[in-house]
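Input: a single structure, listed below in structure tokens.
What follows is calculated from the coordinates using simple rules that are stated; it is not laboratory data. Predicted model only: the values in this text are computed from it and were never measured. Heads up, the Cβs are rebuilt from the backbone with ideal geometry, glycines too, and the neighbour counts pull from every protein chain shown.
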Amino acid sequence: MPFGAELTDEGRVRFRLWAPTAKSVALEIEGGPKTTLQRQGDGWYELVTDAARAGSRYRYGIDGELAVPDPASRFNPDDVHGPSVVVDPHEFQWDEGNWRGRPWHEAVVYELHVGTFSPEGTFAGVERKLDHLAELGITVIELMPIADFPGKRGWGYDGVLLFAPEASYGTPNELKSLVAAAHRRGISVMLDVVYNHFGPDGNYLHAYAQPFFTDRHRTPWGAAINFDGEGSRTVRDFFIENARYWLEEYRFDGLRFDAAHAIHDDSEPDFFAEMAATLRAGPGRERPLHLVLENHANEARYLGSPGAPATFDAQWNDDVHHCAHVILTGERDGYYVDYAARAHALLCRCLAEGFAYQGEPSAHAGGEPRGESSAHLPPSAFVSFLQNHDQIGNRAHGDRLCEQVQNDAALLAAAALLLLAPPPPMLFMGEEWAAPEPFPYFCDFGPELANAVREGRRREFARFERFQDEAVWRTVPDPCSPDTFAGTHLDWSRAREGRHARWLDQYRRLLALRHREIVPRIAGMKHGTCTQSDASGAFSVEWTDAEGSKLRVLANLTPAAVPLIGRAAGRLIFATHPDIRGTTSRRQLEPWNVTWLLERDHERG
């Protein structure tokens, strides 16, 4: 790795730091000497020494005035302001069984937050729950960001030491143990990475590497990271090496790139095109590699078939969530305004073609067009979900869908629609048993930053009419309170009780059905065809598999019986209403009805 501290074959340690705006850099080893790094040119400083070894703690002294951790630290046990630790990446003894990776079209993704998923809130705690996920039918675990962030509690999107696993979750070897244990159970592990900004506390790059940032572009977090200006080659390499590091040193199976729309790059090839091509040509040559974007801009040009040489496998499809949320809750303010008038029709389009917005004007964006045509892409290019950390946590109270919607028939219909549709589905931790624990935003900043966070949240929710009432606002949990964090931990005992146990059984059954009936037909499947009724809200979608058979869903996500849309032909795979044959003979669909059918090629005509 060209950044940070690296053990050499001779038993010494090579230290490298890019500090183009520093006058001098010294290595400060705890209990050891202070040694000046040699200037190498192009802003690099380097030192190879036998005064350090695996386990040594160190800092860099900048211009004799400031001691900082290594920005490429492999581990920072005393949080982001403390010393970094030299790590031997070969110390861990890997045991992955016969793991060779899994193809993307098999993906059933499970997003989790390490600090709140298990009672322990650690990597080891997640490892102890892997059997539950395997039995559920999960094939991909996606960890929310684990790069070291300030304090002991946070979502992870304020990370500042991007190579160091969050110390409150465990050690590097404990993270590797989690990945290996998942692989032994046939589960891939993805990591959410944040390359659009650094957190506001513990980022020292401004002090010695000012070209890391640029005023040419702006982001919601201030000056943008410099991906296309003077000095940007090293900046781009820093993030590309970080991606390779997680995929190679920790053997992650893929990455989810946060908020791609907030990365500004006017160069060719741009950052994401170079990232995809580099990873495919590197670790992606030897095993399936899952590269997934979050991109509000709906830029279909970055997406392709699984494993294609210079594109990403998929994008989180917020459009699916927004349509389903409007249908299930009736909410229409904020960004839901773009879906309120035609939620059913847009959901049908999402399932068939990917994005709801493919260049049409967005009212929420002031009439600006949003998105690109996506109908040419395979269903595997779009990750669908009813819940995720954003769509729960960006709500003022962090309330989950099962707490907002008490109609289990409606929730089951939505779950059956997304869990059996060809696009890879994603669950948010605890969703499978209708966990009631909220997941509001939480953090662990000092007093000044904490107050800024509170005020920022207040401004954000001022757009929503109900929070303009001061009494309502006082009910919103304080993101900086330890109690807010404590209330987000999953209570695993609930999964064995009443309604929660029934939901868990439903999710297991639906995912088993997906693996048996749907997954074998996804490879080679093209986009779908949507047929819908603006009058009733009913719709149907058909997909043709590689053998010419038709996978078909008939859906009525409304509280009233409506005329049937589409053909009710083929073998019944699943129905929320067991008497589907009788109702379709009357040419109607009952309320909250989702029916899946398979019509083989030889059965038609």
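Here the range 490-547 is assigned +1 on the Cβ of each Lys and Arg and -1 on the Cβ of each Asp and Glu. Its dipole about the Cα centre then comes out at about 360 debye.
Semi-axes of the equivalent ellipsoid of the range 528-603: what are they in whole Å, largest first, if each equals the square root of 5 times a C-alpha gyration tensor eigenvalue?
21, 14, 9
Between residue 547 and residue 499, the simple label model (points 7 Å from Cα in the Cβ direction) yields a spacing of 4.1 nm. The GluC sites (Glu not before Pro) of the range 158-262 meeting both criteria, a DSSP state outside H, G, I, E and B (loop) and at most 15 other C-beta atoms within 10 angstrom of the site's C-beta, are 230. Here the calculated FRET efficiency for residue 534 and residue 397, from their Cβ-Cβ distance with R0 = 25 Å, stands at 0.15, rounded to the nearest 0.05.
Using 0.36 nm per residue, how much length does the chain from residue 587 to residue 67 gain when fully extended, once their Cα-Cα distance is taken away? Kindly include the intermediate steps, with their values, before the conclusion.
Working: separation 520, 0.36 × 520 = 187.20 nm, distance 7.41 nm.
Contour length minus the Cα-Cα distance gives 179.8 nm.
Both radii are taken from the alpha-carbon atoms of the chain; with Rh as the Kirkwood radius, Rg/Rh is 0.98. Label sites at residue 478 and residue 560, each approximated as a point 7 angstrom past Cα along Cα to Cβ, lie 4.9 nm apart.
How do the peptides 300-306, 131-137, 329-335 rank, highest first, by the average count of neighbouring beta carbon atoms within 10 Å per residue? If you can, show how the numbers build up before the last one.
On the way: 300-306: 20.6, 131-137: 16.1, 329-335: 14.0.
Peptide ranking by packing, descending: 300-306, 131-137, 329-335.
Compared with the direct C-alpha span, the chain from residue 266 to residue 24 gains 83.9 nm at full extension, assuming 0.36 nm per residue.
Extension gain, residue 215 to residue 90: 0.36 nm times the residue separation minus the Cα-Cα distance gives 41.0 nm.
Determine, from the Cβ-Cβ distance of residue 452 and residue 408 and an R0 of 45 Å, the FRET efficiency 1/(1 + (r/R0)^6), rounded to the nearest 0.05. Could the numbers behind the result be given before it?
Working: r = 41 Å, r/R0 = 0.91.
For residue 452 and residue 408, the calculated efficiency is 0.65.
Divide the volume of the convex hull around the Cα atoms of the range 4-85 by the residue count and you get 88 Å³ per residue. For the chain, 323, 350, 402, 443, 480 have no disulfide-compatible partner, since no other Cys C-beta lies under 4.7 Å from theirs.
Sort the following peptides by mean Cβ neighbour count (other Cβ atoms within 10 Å, averaged over residues), highest first: 498-506, 219-227. Walk me through the numbers before you get to the answer.
Numbers: 498-506: 15.9, 219-227: 17.8.
The densest-packed peptide leads the list: 219-227, 498-506.
Of all aspartates and glutamates in the structure, the ones whose alpha carbon falls short of 12 Å from that of residue 23, not counting any fewer than 8 places away in one chain, are 63, 65.
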